[in-house]
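Working notes for the structure below.
No value in this document is a laboratory result; all are computed from the given coordinates. Quick caveat, the model's predicted, so the values are computed rather than measured. All Cβ positions, even for glycine, are placed from backbone atoms using ideal geometry, and neighbour counts span all protein chains on display.
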Amino acid sequence: MSTATATPLTVADRCDRCGAQAYVRVTLPVGELLFCAHHSREHADAYASVAVEIQDETDRLHEEHGAR
Ligand SMILES: [Zn+2]
């Protein structure tokens, strides 16, 4: 499994906690979680020890919203 071939997150991917656009996909042995940048940081400690893979696209957040 390589992050280079992972499916990019889209506007259709929503944070499981607040419904905002997701920028982080956390793959777990039993499924996956999607988080916005805010909640990915808030829950990082909780999923870091159990995640199979963490796809972090928060860099795109700055590219797409950096002009604000
Ligand atoms: Zn969120």
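Among the residues of segment 17-28, the one identified as out of contact with any helix residue (DSSP H, G or I) (no Cβ under 8 Å at 6 or more places or on another chain) and among the charged types (D, E, K, R) is ARG25. Test GLU53 against the criterion of being surrounded by 11 or more Cβ atoms within 10 Å (Cβ to Cβ) and within 16 Å of the ligand (Cβ to nearest atom), and give yes or no. Considered against the rule, which asks whether it is surrounded by 11 or more Cβ atoms within 10 Å (Cβ to Cβ) and within 16 Å of the ligand (Cβ to nearest atom), GLU53 comes out as no. Number of residues in segment 10-30 that are more than 14 Å from ILE54 (Cβ to Cβ) and of a type outside the set (S, T, N, Q) equals 11.
Taken over segment 13-41, residues that are away from the ligand (no atom under 15 Å from the Cβ) and among the small types (Gly, Ala, Ser) amount to 1. If I ask for residues that are in contact with a helix residue (DSSP H, G or I) (Cβ under 9 Å, 6 or more places away or on another chain), in a helix (DSSP H, G or I) and closer than 17 Å to LEU9 by Cα, which ones from segment 42-61 would you list? Scanning segment 42-61 gives THR58, LEU61.
Filtered by the rule that a residue be assigned to a strand (DSSP E or B) and without any contact (Cβ under 8 Å) to a residue 24 or more places away in the chain, segment 3-37 gives ARG14, GLN21, GLY31, GLU32, LEU33, PHE35.
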